[in-house]
Amino acid sequence: MASNQHQIGIYYGYFVTDRTDDYVPLVKRAAELGFDALEISLVPLIDKPASWLERLVEAKTQAEIDLYFTTALAPGRNIASDEQSEREKGLDFLGKSLKVMHQLEGKTMNGMLYGTWMSAPENIAGGREHYLPNCVDSMKRLAKRAAELDITLNLEIVNRFEQFMLNTTRQGVEFLDMVDEPNVKLHLDTFHMNIEETDLREAILRAKGRIGFFHVNENNRQLPHTDSRMNWPGIAAALKQAGYSGPIVIESVVRPHCQFAQFFRIWRDLANPPGDVDYDSAAARSRAFLAEIFQ
């Protein structure tokens, strides 16, 4: 781990053009750039044999880097659905994900665990309130499974264009109160907060003691950097005041015209500066910047 308070990590999507399950080269690459952690998706790992998972554990051990894990619910697996069969499919998928994580020595499952990505309420009149009871019940059940494996669930608060259940930290904290399980916390992200929150500092402090994971991006998903509209020193100070000492993970996706960019709606080169850039060098500079800010 780095000498500063927080681990500095990066999401695997920064390095690739297509979704992949070949994480071993990315583990080595992130470590060589100075990162303390790599965040990867659990989705392609569900059916991997134990030998494959052992290879990934060996790679991260040799690279002296930690792995963090994210996932999301696809259509048909919504744990907030009105249909019990759909809720059960979602819980089954997340339960299998927990087991894979445990084999990979993971301790936190991060992401949009409470509903499907890029979705709006089918019950327009009822809105989010219509789905909360089902979601709370499902999350309680999932939290108990996670607790058996000593895993914390960190629920990502995302903007209104990606989901409708939890768009602000206020909504997130209220949801945690309803679930009332000690191993369920919030996953905050500066990209989403920049859209939905009036005051990022106030939003972070509202979640004091309940933040389990933290993503950093510029307002347009670029790498965090010095010439920024984001108040990075203020964000760092707020996190410290909120008692958060966990990882700071870049979730920048910058390359257009590829499969992976379709999921994040990246239609132009978001490298900084744009055009012909050494992506690895840019990531290393951003890592150094964050390590200095989040001391």
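Only the coordinates and a few stated rules stand behind these numbers; no lab work does. All values reported here derive from a predicted model rather than from experimental measurement. Neighbour counts run over all protein chains shown; Cβ positions are idealised from the backbone, glycine included.
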Please report, in debye to the nearest 20, how large the charge dipole of the chain is about its Cα centre when each Lys and Arg carries +1 at its beta carbon and each Asp and Glu carries -1 there. 200
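Please identify the GluC sites (Glu not before Pro) of the range 73-124 that satisfy two criteria: DSSP loop assignment and at most 12 other Cβ atoms within 10 Å. Which are they? All intermediate terms of the calculation are to be shown ahead of the outcome.
Working: sites: Glu83, Glu86, Glu88, Glu105, Glu122; in loops: Glu83, Glu105, Glu122.
Qualifying residues, ordered by number: Glu83, Glu122.
What number, in percent, do you get for the relative contact order of the range 37-102 if the mean sequence gap of Cα pairs under 8 Å and at least 6 apart is divided by its residue count? Present the calculation step by step, with values, prior to reporting the outcome.
Details: 59 pairs, mean separation 25.0, N = 66.
With pairs under 8 Å counted, the relative contact order is 38 percent.
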Quantify how much of the Cα-Cα distance distribution of the chain extends past 32 Å, in percent. 21
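Could you work out how much longer the chain between Val43 and His257 gets when fully extended? Use 0.36 nm per residue separation minus the Cα distance between them, nm to one decimal. Don't jump to the answer; show the numbers that get you there.
On the way: separation 214, 0.36 × 214 = 77.04 nm, distance 2.25 nm.
So the extension gain works out to 74.8 nm.
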List every residue whose amide H lies under 5 Å from the amide H of Arg19, counting only residues 5 or more places away in sequence or on a different chain, with H placed 1.01 Å from N in the peptide plane. Phe260
Pairs of alpha-carbon atoms within less than 8 angstrom and 6+ residues apart define the contacts here; what relative contact order does the range 8-293 have, in percent? 18
Expected vector for the range 118-133, Karplus 3J(HN,Hα) from phi with 6.51, -1.76, 1.60 and θ = phi - 60°, integer Hz, x for Gly and Pro, equals 6, 10, 10, x, 5, 8, 5, 5, x, x, 4, 4, 5, 9, 4, x
Can you tally the net charge around Asp36? Count Lys and Arg as +1, Asp and Glu as -1, for every other residue whose Cβ sits under 13 Å from the Cβ of Asp36. -2
Within 10 Å of each residue's Cβ, count the other Cβ atoms and sort Ile46, Ile8 from fewest upward. Ile46, Ile8
The range 231-295-the range 10-44 distance, computed between alpha-carbon centres (Å): 14
Pairs of lysine residues in the range 8-293 - Cα separation under 16 Å, sequence separation of 8 or more or cross-chain: 16
Under 10 Å, Cα contacts only: if you run a Gaussian network model on the chain, which one of Gln62, Gln163, Gln222 comes out with the highest mean-square fluctuation? Gln62
Helix-only [θ] at 222 nm, the chain, -39500 (n - 2.57) per DSSP H run of 4+, per residue, nearest 500, equals -13000 deg cm²/dmol
At Gln62 and Ala288, where each label point lies 7 Å from the Cα along Cα→Cβ, what is the point-to-point distance in nanometres? 2.8
Taking a ≥ b ≥ c as the square roots of the Cα gyration tensor eigenvalues, with a/c under 1.5 meaning rounded and otherwise prolate when a/b beats b/c, else oblate, which class fits the range 123-171? oblate
